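Heads up, the thing below is written out as structure tokens.
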Amino acid sequence: MSPDGFEAMGVEVVVGGATATVLREVERLFERLDRTFSRFRPDSELSRLNESPSAFVGASPIFVGVLRVALDAARRTDGLVDPTLGAAIEAAGYDCDFARLVDDERPPGPSVRGSWRQVRVAGSLVFRPPGTKLDLNGVVKALAVDAALQRLGGEGFVAAGGDVAVCGAAVVGLPGGGSLMVRNGGLATSGTTTRHWRRGGETQHHLIDPGTGRPSSSPWKEVTVAAGSCLEADIAAKAAFLLGEPGPDWLDERGLPGRFRAADEEIENGAWRAASEPARAA
């Protein structure tokens, strides 16, 4: 079955192996998640929570579930993938849909460091210090891709921007050229090649260093990771990007294949090289 696609979350979503009915279900899934978690829709649940002056805010089950996933990602990456950087990314200038983003001569706003350890979830209540703005885009798109793949009920794939999940096997194109055979797993790329802009005469991007509250100074342009799911690949790719030079070793310690692209070099960690070796004859 030939792939079908639609636009959602600011990227093209491509689905292979879906019936017309399932494709509509997948499109509704992406729309529901975008309607809940978009930073650019004033009526989204995320926007309403971020604008609330109260420290405690009631949230829907889907919101609480995704926030728990984001907080777990922060814990497992020692705070590198931090869901409390909404104010920091706005300060860098990413305060509207990327398609509408233009260079701005004004300087960036004040830096805001990550504070995920101060966020609490109790039942349907979310606590965060007043002024804290959540940004759950670090997990939402990958969660949508994995959930969409489950809707297929068989072999196929779902791709949204640089996030891919595969049931069965599929050849996936890689940023900068080349391809990788993905079997029953996920692939994700985090980087600044496409999503960057100018603010105050300096280049800005959306991958915020939670320790400084500013766009990361990582030497990498892109980091691609393969894992058992798109979510796991996406979390690892972001963390490895933000770690900078230690990124390849960090992935190797976790047995995750990673490819790192800088301005003048490309590095594959040990796990990537091992996974890419042709199968040896028995």
- Does region 90-143 come out rounded, prolate or oblate by the C-alpha gyration tensor, with a ≥ b ≥ c the root eigenvalues, rounded set by a/c under 1.5 and, if not, prolate when a/b is larger than b/c and oblate if not? oblate
- Item | With eigenvalues of the C-alpha gyration tensor scaled by 5 and rooted, region 41-90, Å | 20, 14, 10
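Would you mind working out the accessible area per residue for the chain, using a 1.4 Å probe, and quoting it in Å²?
Numbers: 13400 Å² over 282 residues.
Normalised by residue count, the accessible surface of the chain is 48 Å².
When a/c is below 1.5 the answer is rounded, else prolate if a/b is larger than b/c, else oblate, so apply that to region 4-95 with a ≥ b ≥ c taken from the square roots of the Cα gyration tensor eigenvalues. Mind dumping the intermediate values first?
Details: a/c = 1.80, a/b = 1.69, b/c = 1.06.
Note, shape of region 4-95 comes out prolate.
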- Assuming R0 = 22 Å, can you tell me the calculated FRET efficiency for the pair F40 and R76, based on Cβ-Cβ distance, to the nearest 0.05? 0.20
- Item | List L134, L243, ordered by accessible area with a 1.4 Å probe, largest first | L243, L134
- Item | Dipole moment magnitude, nearest 20 debye, the chain about Cα centre, only Lys, Arg, Asp, Glu C-beta charged | 700
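If r is the Cβ-Cβ distance from R106 to A262 and R0 is 45 Å, what FRET efficiency results, to the nearest 0.05? Don't jump to the answer; show the numbers that get you there.
Working: r = 30 Å, r/R0 = 0.66.
For R106 and A262, the calculated efficiency is 0.90.
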- Query: Simple spin-label model, 7 Å along Cα-to-Cβ: V171 to R183 in nm?
  - Reply: 1.6
- Item | Largest-first principal axis extents, alpha carbons of region 176-282, Å | 60, 25, 22
- Enter the Cα centre distance for the pair region 236-270 and region 78-151, rounded to the nearest angstrom. 23
- Would you compute, from DSSP H runs of 4+ residues alone, the mean residue ellipticity of the chain at 222 nm, taking -39500 (n - 2.57) per run and dividing by the full residue count, rounded to the nearest 500? -10000 deg cm²/dmol
- Note on the structure: Given the candidates A188, G173, H206, the one whose Cα lies deepest towards the positive end of the charge dipole of region 124-207, counting +1 at each Lys or Arg C-beta and -1 at each Asp or Glu C-beta, is H206
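I want to verify the translational diffusion coefficient of region 105-226 in µm²/s; compute it with Stokes-Einstein, Rh as the Kirkwood radius over Cα pairs, at 25 °C and 0.890 mPa s. Write down the numbers at each step before the final one.
On the way: Rh = 17.1 Å.
After rounding, the answer is 143 µm²/s.
Can you compute the charge dipole magnitude of region 185-282 about its Cα centre, using +1 on each Lys and Arg Cβ and -1 on each Asp and Glu Cβ, nothing else charged? Give it in debye, rounded to the nearest 20.
So the dipole magnitude of region 185-282 works out to roughly 360 debye.
Given R₀ = 35 Å, FRET efficiency for S52-E31 by Cβ-Cβ distance, to 0.05?
On the way: r = 24 Å, r/R0 = 0.68.
The computed FRET efficiency comes out at 0.90.
Evaluate the relative contact order of the chain (contact order divided by residue number), counting alpha-carbon pairs under 8 angstrom at least 6 apart; express in whole percent.
Numbers: 573 pairs, mean separation 46.9, N = 282.
Result for the chain is 17 percent.
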- Of V15, V69, V81, which is the most mobile in a GNM of the chain whose springs link Cα atoms less than 10 angstrom apart? V69
- Note on the structure: For the chain, the convex hull over Cα atoms projects on average to an area in nm² of 15.8
- Message: I'd like the Karplus ³J(HN,Hα) series for region 223-239: coefficients 6.51, -1.76, 1.60, θ = phi - 60°, whole numbers in Hz, and an x wherever there's a Gly or Pro.
- Response: 10, 10, 10, 10, 7, x, 8, 5, 4, 5, 5, 5, 4, 5, 5, 5, 4
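The values are calculated or read from the model by the stated rules, or taken from the named source; none is laboratory data. None of the values given here were measured: they were computed from a predicted structure. When we count neighbours, we look across all protein chains shown, and the Cβ atoms used for this are built from the backbone with ideal geometry, even at glycine. Calculation scope for accessible area: heavy atoms of the full protein, side chains included, ligands and nucleic acids excluded. Shrake-Rupley method; radii C 1.70, N 1.55, O 1.52, S 1.80 Å.
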